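Accompanying notes for the structure given below.
Laboratory data are not the source of any read-out in this text; all were calculated from the coordinates shown. Because the structure is a prediction, the values reported are computed rather than measured. Neighbour counts are summed over all protein chains in view; Cβ atoms, including those assigned to glycine, are modelled from backbone coordinates with ideal geometry.
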Amino acid sequence: MIKVAILGYGTVGSGVFEIIRENKDLIAANAGEEIEVKYVLDLRDFPGDPCENVLVHDYNIILEDPEVEIVIEVMGGLKPAYDFVKAALDAGKSVCTSNKELVAKHGAELIRIAKSHNRNFLFEASVGGGIPIIRPINMHITADKICEITGILNGTTNYILTKMDKEGADFASTLKQAQNLGYAERNPEADIEGFDAVRKIAILASLAKGKTVDFEEIYTEGISNITDIDFKYAKTMNKSIKLLGKCKNEDDGVVASVAPRLLSQEHPLYNVNGVVNGILVRGNMVGDLVFIGSGAGKLPTASAVVSDVVDAVRHLNVSTTVMWDEEKLELEDFSKSKKHFFVRTKADKKDIESIFGNVEYVDAGISGETGFITEKISEEKFSEKADKLGIISRIRIEG
């Protein structure tokens, strides 16, 4: 019997507790041992809840109990999660987490500490919710050089953009609907401004490259400036707009970003709609691999956490190999990256062509403005030209 402790009894924590109880026999068969939740740590009380008899409020009870071999951290945030996880690893306990903030900021360090104690720090649920993506990159796509990872990594923004696309709704009303349905937080900034997605692409990029990608150095742009008019143009071009996290080999380096992009109907992620996540991994030998599934929610995320618990039980005294070093990966300058841009402007065609040269015009029947697609141009050069012309908005074109 393997004893585990759950830190945090919110949405994901209660889901983990439920899955371990409900699927007890199946999990035991897969892990080779029965798994029992000995403690649940939370500041709150839950009278009448199934966790009531194992609930504790003092982390030291867990830390000092040698019977607890695996700690499941589902509190979120950095404080006190970082200190709790580090202490657990130093005490010789493996840790499984869904905490993207923790993994993006301290992942390589915590992996190193776990290895030093022949324990494991596992974080499948930190990206993509229930989608298996960490383990495939780390353990299965090992004969390939990963050239690109492109993902719809945030279900909230994908829900909003899908509603705007399919129903012609505006951003503000769609965001409010997402909040009413529980898809968006009361303060939705982390989702809609790309802060959630950038941590996730940093984790994936770090695993793919084996060095630490600092999420704070990744160009990040959210969806708050996307309008229903943008989608009218997108439909005219037979495209859709998605918030994409990207990590891609360009020239001799790696370029990473989070930003809204226009996708053609042929793109593998074009039809990934609603709260679903989708991740494209491109290897130099295997080609394109696409992972699609529930990117958030109580049970999908909890399922990924419990799969890590099973893995930790299988490797109780053996550290599994995770190729993620603390050495920093220097990203290429995003401003040098070249792409096509879709632009909206009130300028006339003469001025457009004098500044941007050859362009492709897009007529969506919007009066008082002109839409056009630029030739492939660097971010830096585009900004210079856009400043001269004066534009309403611009969206990068994927591909």
**OP:** Measure out, as a whole number of angstrom, how far apart the alpha-carbon centroids of the stretch 351-399 and the stretch 43-111 sit.
**Re:** 50
**OP:** May I ask you to give the average projected area over all directions of the convex hull of the Cα atoms of the stretch 1-46, in nm² rounded to one decimal?
**Re:** 3.2
Original post:
Can you give the angle from 0 to 90° between the axis of helix 195-209 and the longest principal axis of the chain, with both taken from C-alpha atoms, to the nearest 10?
Top reply: 80
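Stretch Thr321-Ser264 to full length: gain in nm at 0.36 nm per residue minus the Cα-Cα span? Walk me through the numbers on the way to the answer.
Numbers: separation 57, 0.36 × 57 = 20.52 nm, distance 3.76 nm.
Here the segment from Thr321 to Ser264 would lengthen by 16.8 nm.
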Original post:
Where does helix 379-389 land angle-wise versus the long Cα axis of the chain, in degrees 0 to 90, nearest 10?
Top reply: 40
Subject >> Rounded tilt (10° steps) of 100-116 against the dominant C-alpha axis of the chain >> reply: 40
**OP:** Under 13 Å from a label point 7 Å along Cα→Cβ of Arg314: give me every residue in the stretch 112-144 with its amide N that close.
**Re:** 135-136, 139-140
Original post:
Do the alpha carbons of any pairs in Lys105/Lys200; Lys209/Lys328; Lys93/Lys328; Lys24/Lys115; Lys105/Lys336; Lys200/Lys328 sit beyond 20 Å of each other, and which pairs?
Top reply: Lys93/Lys328; Lys24/Lys115; Lys105/Lys336
Subject >> Residue order, fewest to most surrounding Cβ atoms within 10 angstrom, among Thr157, Thr162 >> reply: Thr162, Thr157
**OP:** Arrange the following residues from fewest to most other Cβ atoms within 10 Å of their Cβ: Val286, Val275, Val103.
**Re:** Val286, Val275, Val103
Subject >> Set Lys339/Lys381; Lys239/Lys381; Lys338/Lys381 screened for pairs whose C-alpha atoms are more than 19 Å apart >> reply: Lys239/Lys381
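Going through the stretch 68-173, which trypsin sites (Lys or Arg not before Pro) have at most 13 other Cβ atoms within 10 Å and a DSSP loop state?
Values: sites: Lys86, Lys93, Lys100, Lys105, Arg112, Lys115, Arg119, Lys145, Lys163, Lys166; in loops: Lys93, Arg119, Lys145.
Counting only loop positions with at most 13 other Cβ atoms within 10 Å, the trypsin sites (Lys or Arg not before Pro) in the stretch 68-173 are Lys145.
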Original post:
Among (i) -0.67, -0.76, -0.91, -0.99; (ii) -0.31, -0.41, -0.65, -0.80; (iii) -0.36, -0.46, -0.69, -0.81, which is the computed log10 I(q)/I(0) by the Debye sum over Cα atoms at q = 0.07, 0.08, 0.10, 0.11 Å⁻¹?
Top reply: (iii)
Original post:
What are the trypsin sites (Lys or Arg not before Pro) within the stretch 294-366 that DSSP puts in a loop, where the Cβ has at most 14 other Cβ atoms within 10 Å?
Top reply: Lys346
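Provide the FRET efficiency to the nearest 0.05 for the Arg44-Ala172 pair, computing r from the beta carbons and using R0 = 41 Å.
On the way: r = 34 Å, r/R0 = 0.82.
Given R0 = 41 Å and the Cβ-Cβ separation, E is 0.75.
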Original post:
Antiparallel as a % of all DSSP beta bridges within the chain, to the nearest 5?
Top reply: 65
Original post:
Any idea how far apart Asp251 and Glu185 come out in nm if each label point goes 7 Å out from Cα toward Cβ?
Top reply: 3.7
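I want the local charge near Ile6. Using Cβ-Cβ distances under 12 Å, sum +1 for each Lys or Arg and -1 for each Asp or Glu among the other residues.
Numbers: positive: Lys3, Arg21, Lys38; negative: Glu18, Glu36, Asp42, Glu73.
Cβ neighbours under 12 Å give a net charge of -1.
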Original post:
Just in the stretch 1-62: which chymotrypsin sites (Phe, Trp or Tyr not before Pro) are loop by DSSP and have at most 13 other Cβ atoms within 10 Å?
Top reply: none
**OP:** Compare the Cα positions of Tyr219, Ala208, Val255 along the charge dipole of the stretch 135-294 (+1 at Cβ of Lys, Arg; -1 at Cβ of Asp, Glu; about the Cα centre) and return the one farthest towards the positive end.
**Re:** Ala208
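With runs of 4+ DSSP H residues as the only contributors, calculate the mean residue ellipticity of the chain at 222 nm using -39,500 (n - 2.57) per run, divided by the residue total and rounded to the nearest 500. Let's see the in-between values first.
On the way: 13 runs with 139 residues, N = 399.
Here the helix-only value at 222 nm equals -10500 deg cm²/dmol.
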Original post:
So if R0 is 30 Å, what FRET efficiency would Ala91 and Asp25 give, r being the distance between their Cβ atoms, rounded to the nearest 0.05?
Top reply: 0.50
